[in-house]
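Here's the structure, in structure tokens; my notes come after.
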Amino acid sequence: MVPWAAAADEVELTEDYTYFPVYPNSANDLGPALIEAAKRQKLGGATIAETESRHDWQIRMLEDSRGCRVERATVRLDVIYRLPKVVSKDADVRAEWDVLFPRILRHERQHKDIALDAAREILAALSRLPSARNCDALVENANTVAEQIHEEERERQAQFDRRTNGGEIEGVIRFEVSQ
């Protein structure tokens, strides 16, 4: 069991931001500098930022002569944003970055929202699991249900990136990255 607890019917959310430096020489160099910095961070494809989410769930069970049932379910979602941080005193670079960064952050936060919706779905599904013949079977059912929702969430994340072309439709510049 994970040593944390959230209130019943509530997802515990933690968000952490990590930044990696980007050193463009000019506003025209911003795109290539973002690409190079992202490559050094091992971000995939044309990605210049990334949101990682981890779901943890647990159930407290009550066993009696009729079997085992969920007494309480809790879900925790940890979100880690990996974002570029432009380091430049050039006014043109700063002006370009001041427009681009909020767009990047908004896109990444939408990934968090998709993960949070899935965490809420997991919590609701675990809370209404039917009783099982024993607690081992209940844990197996809980993990199956939660993993299925988590898998659906991964597909929704991919659909979101396809729909927004990795944020390009939202004004996030998309760069071609050669491997």
Mean separation of Cα contacts under 8 Å, 6 or more apart, over the residue count of the chain: relative contact order %: 28
For residue 86, the net charge from surrounding residues (Cβ-Cβ under 13 Å; K, R +1; D, E -1) works out to -3
Once label points are set 7 Å from the Cα along Cα→Cβ at both residue 133 and residue 163, what is their separation, rounded to one decimal in nm? 4.2
Counting Lys and Arg as +1 and Asp and Glu as -1, each charge on the Cβ, what is the dipole of the chain about the Cα centre in debye, to the nearest 20? 80
From fewest to most C-beta neighbours within 10 Å, the residues 85, 112 line up as 85, 112
Hey, if you put +1 on the Cβ of every Lys and Arg and -1 on every Asp and Glu Cβ in segment 11-170, which of 138, 33, 118 ends up farthest toward the positive end of that dipole? 138
Along the charge dipole of segment 11-170, which of 81, 55, 107 sits closest to the positive end, that is, farthest toward it, with unit charges on the beta carbon of Lys, Arg, Asp and Glu (+1, +1, -1, -1)? 55
Can you tell me the FRET efficiency between residue 25 and residue 80 if r is taken as the Cβ-Cβ distance and R0 is 30 Å, rounded to the nearest 0.05? 0.50
Restricting things to Cα coordinates, could you compute the convex hull volume per residue of the chain in Å³? 125
What's the angle, to the nearest 10 degrees (0 to 90), between helix 135-164's Cα axis and the longest principal axis of the chain? 20
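All of the numbers you see were taken from the coordinates with simple rules; none came from a lab. It should be emphasised that the depicted structure is a prediction, and the values quoted were computed from it without experimental measurement. We place every Cβ from the backbone using ideal geometry, glycine too, and count neighbours over all the protein chains shown.
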